[in-house]
Amino acid sequence: MIWRTGRERGTASRYRLGVPSRPAIWPLAILTVILIALTLPLATARAELRVDITRGQVEPMPVAISDFYGESGEAIDFGKKIAQVVARNLERSGLFRPIGKGAFIQRPEEMLSKPRFADWRQINAQALVTGRVKFKSGDRMEVEFRLWDIFSEEHMVGKRLESATNQWRRMAHIVTDEIYKRLTGEIGYFDTRIVYIAETGPLDARIKRLAIMDQDGENLRFLSDGSQLVLTPRFSPTAQEITYLSYDQGIPRAYLREIDSGQHELLGKFPGMTFAPRFSPDGNSVVLTYAADGNSEIYEMDLRSHKKRRLTENSAIDTAPSYSPDGRRIVFESDRGGDQQIYVMDRQGSQARRITFGKGRYGTPVWSPRGDLIAFTKSYEGRFSIGVIKPDGSGERILSQDFLVEGPTWAPNGRVLMFFRQSERNPDSSELVTIDITGHHEMILFTTTAASDPAWSPLIP
Amino acid sequence: MVAMAAVLLIAAACSSTSDDNAATVGDGDAADTASAQTDQSSATDSSADAAVDVAAVESSGPIPGSQEDLVQNVGDRVFFEYDSAVLTPEGRRTLERQAEWLRLFPELKIMIEGHCDERGTREYNLALGERRATAARDYLIAFGMDSSRLQTTSYGKERPYALGHNEESWKRNRRSVTVVN
């Protein structure tokens, strides 16, 4: 057998999984995914198969995702499901076109050593993913995958993962991240979650609940029961906490909440309403808006010392702050110049500089995790748009427009945005939409109810 | 000509049930007078019905000092222009009436909610709503209200009153609402 395992630089990456909800079914223990790099001795020169994701509308790369091999009926079943999740992830990215399984010539059990490349060339696959699933003791599962370049007949990457069986979806997402990374040169964003607001009921008495799901819309869970109005959830850099807005006794205030335990606390003892909270990149602070006497100002609060620092000081509305990924600057919106525009200041609150000068109002700025762009919402002549602009104010581009589009959030690789939309055809409802920053691959992310205020998690540690 | 006289007569009958009025209007020939009298009697009937209705409403009128009392007899809300927290002359008059009314019930505490239309982003609208609520609060204080009785909050665009997606609805949603606690 040619399958060999080797450790990349002698160490295996460890993924710590906090166990979500349902303690009745899942024991309250930390699970691990052990990720081991697999190499083949014949792998020599690096293959050049690559998708250039900076170019926008490229023809998606045809890829074949074979069902993962399994020895038992149950393992075969998981092998199919994992292959399906990987294929859907790749397809949703817009960069890949998974080939229908009906066209496949070679079967999973025939590829335990190596695929017959000619069989895959015949169906025009450029890359092939193979793998296998094996059960281990203690309801654990081992998943191996390999990525092959069909034309150069080379093994591009291979890894082995192990985790509790009920974490099979996460393993499929981690597999997708590895494939995406190898083929695009960028980190993936599939092992991530989305926290958002699930909406039901009439528009004048809307029930809003905190909801969380995997980035592909699976594993939906509600974090609040709808008895209080909640808005604008955002992840901490560990993806284990969120900060959000909740109305208690009619006053909106910013809260911090541990996702799995449900424990939550009020952020800071501000006498009035606080809103628009967001974590600093190191997770040690939150920046938020406090409105006193009708005047909204931006404050930073240290989460350990609970010390507060005021960052803006004028009679205008200053809100919607977001840190740069290095934590040294803050982008925010203000109407200090007459109407709502975007400004960048340093973290101490000085040297605020306006960066938007186009026609219309600009708000909801969010700094890309790569640091190169700021996403925003713009409104002009009765229509809304989602766009990006460079932090120096140059290179503004509009990506999507509709009756109302609002609240962009970045995938952790800074290549994809999600936002919510009340469309012209159905302004009574709202939906989640993803779009590539090139402006292509706009897609609705299915949710069971109307949805708004999405926030994309970092890669789950 | 006949129809015209009848309309005039009904108007007169509605504003007053006095037979004298009807007589002074109906000074044409016999035929006119006859038709006018028929109209007058039906008009009198309907105004009698109206009188019964008014009495019924009065017997179940709002409790003085309640939210319903404020809504029906004073006006609980003031409206704002797009992206503005500046009180209009009409808004000021409503708030002046509210201040008068609140003086009658010194034990009442109130919450002033600021609201916006859907044509702004969520967090900006929260800030704008707070600005509107504060503008209303400050005006009540200027009219002698004790600030300890007043609290403000903002719902941004979360609680529209009118549900359409047009200017007609938006202008009814750009408001501050005074709510009795």
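For this structure, a couple of remarks:
- When segment A:378-431 is filtered for residues that are away from chain B (no Cβ under 14 Å) and part of a strand (DSSP E or B), the ones remaining, listed by number, are A:Val388, A:Ile389, A:Arg397, A:Ile398, A:Leu399, A:Ser400, A:Gln401, A:Trp410, A:Val416, A:Leu417, A:Met418, A:Glu431.
- In summary, strands (runs of 3 or more DSSP E) completely within segment A:231-275 and bearing 2 or more residues that are under 23 Å from the mean Cα position of the chain (by Cα) occur at A:241-248, A:251-258.
- Test set (1) open to solvent by less than 10 Å² (accessible area, probe 1.4 Å); (2) assigned to a helix (DSSP H, G or I); (3) among the aromatic types (Phe, Trp, Tyr) - A:Trp168 fails condition number: (1)
- The residues in segment A:262-273 that are facing another protein chain (nearest Cβ under 10 Å) and either in contact with a Leu (Cβ under 7 Å, 6 or more places away or on another chain) or open to solvent by less than 10 Å² (accessible area, probe 1.4 Å) (or both) can be counted, and the count is 1.
- Looking only at segment B:101-155, residues that are more than 21 Å from the chain's Cα centre (by Cα), more than 9 Å from chain A (Cβ to nearest Cβ) and part of a helix (DSSP H, G or I) come to 7 in all.
- Within segment A:66-83, being open to solvent by 10 Å² or more (accessible area, probe 1.4 Å) and either without any contact (Cβ under 8 Å) to a residue 24 or more places away in the chain or under 15 Å from A:Glu144 (Cα atoms) (or both) holds for A:Asp67, A:Tyr69, A:Glu71, A:Gly73, A:Ile76, A:Asp77, A:Phe78, A:Lys80, A:Lys81.
- Residue among A:Arg309, A:Arg304 that alone is among the charged types (D, E, K, R), assigned to a loop (DSSP other than H, G, I, E, B) and either open to solvent by 50 Å² or more (accessible area, probe 1.4 Å) or out of contact with any Cys (no Cβ under 8 Å at 6 or more places or on another chain) (or both): A:Arg304
- Being free of Cβ contacts under 8 Å to residues at least 60 places away in the same chain, surrounded by fewer than 18 Cβ atoms within 10 Å (Cβ to Cβ) and among the acidic types (Asp, Glu) is not true of B:Asp117.
- Search result, residues across segment A:338-359 that are surrounded by 17 or more Cβ atoms within 10 Å (Cβ to Cβ) and either over 16 Å from A:Ser280 (Cβ atoms) or out of contact with any Ser or Thr (no Cβ under 7 Å at 6 or more places or on another chain) (or both): A:Gln340, A:Gln341, A:Ile342, A:Tyr343, A:Val344, A:Met345, A:Arg347, A:Ala352, A:Ile355, A:Thr356
- Of A:Glu406, A:Glu424, all but one fail to be among the charged types (D, E, K, R) and open to solvent by 10 Å² or more (accessible area, probe 1.4 Å); the exception is A:Glu424.
- Test for A:Ser322: is it over 22 Å from B:Gly114 (Cβ atoms), within 12 Å of another protein chain (Cβ to nearest Cβ), within 26 Å of the chain's Cα centre (by Cα) and touching a residue at least 24 places away in the same chain (Cβ under 8 Å): yes
- A:Asn295 being over 18 Å from the mean Cα position of the chain (by Cα) and open to solvent by 10 Å² or more (accessible area, probe 1.4 Å): yes
- Residue that is farthest from A:Tyr247 (Cα to Cα), among those in segment B:156-181 that are polar (S, T, N, Q) and surrounded by 17 or more Cβ atoms within 10 Å (Cβ to Cβ): B:Asn173
- Counted residues, segment A:183-203 - those being crowded, with 24+ Cβ neighbours inside 10 Å and either touching a helix residue (DSSP H, G or I) at 6+ places or on another chain (Cβ under 6 Å) or of a type in the set (Asp, Glu) (or both): 3
- Output for segment B:135-154, where each listed residue is surrounded by 24 or more Cβ atoms within 10 Å (Cβ to Cβ) and of a type in the set (Val, Ile, Thr): B:Thr152
- If you go through segment A:220-239 and pick out every residue that is crowded, with 20+ Cβ neighbours inside 10 Å and either within 13 Å of chain B (Cβ to nearest Cβ) or in contact with a Leu (Cβ under 7 Å, 6 or more places away or on another chain) (or both), you end up with 8.
- With respect to the stated conditions, A:Asp214 is over 15 Å from A:Val51 (Cα atoms) and in contact with a strand residue (DSSP E or B) (Cβ under 6 Å, 6 or more places away or on another chain).
- Matching residues, segment A:325-367, being in contact (Cβ under 8 Å) with a residue 60 or more places away in the chain and more than 14 Å from chain B (Cβ to nearest Cβ): A:Arg329
- Of the set (1) part of a loop (DSSP other than H, G, I, E, B); (2) touching a residue at least 24 places away in the same chain (Cβ under 8 Å), all apply to B:Ile63 but (2).
- For the criterion of being among the small types (Gly, Ala, Ser) and closer than 20 Å to B:Gly129 by Cα, A:Ala254 passes.
- Subset of segment A:210-252 [on the phi > 0 side of the Ramachandran plot and not β-branched (Val, Ile, Thr)]: A:Gly217, A:Asn219, A:Gly226, A:Ala239, A:Gln249, A:Gly250
- Beta carbons closer than 7 Å, at least 6 apart along the sequence or on distinct chains, never pair a first residue in segment A:290-304 that is within 14 Å of chain B (Cβ to nearest Cβ) and modelled with pLDDT under 95 with a second that is part of a strand (DSSP E or B) and open to solvent by 40 Å² or more (accessible area, probe 1.4 Å).
- Whichever residue in segment B:88-100 is part of a helix (DSSP H, G or I) and open to solvent by 10 Å² or more (accessible area, probe 1.4 Å) and, among such residues, is farthest from the other protein chains (Cβ to nearest Cβ): B:Glu100
The values are calculated or read from the model by the stated rules, or taken from the named source; none is laboratory data. Nothing here was measured: the structure is a model prediction, and the numbers come from that model. With ideal geometry, Cβ positions are generated from the backbone for all residues, glycine too; neighbour counts draw on all protein chains shown. Ligands, DNA and RNA are excluded from the accessible area calculation, which covers all protein heavy atoms including side chains. Shrake-Rupley method; radii C 1.70, N 1.55, O 1.52, S 1.80 Å.
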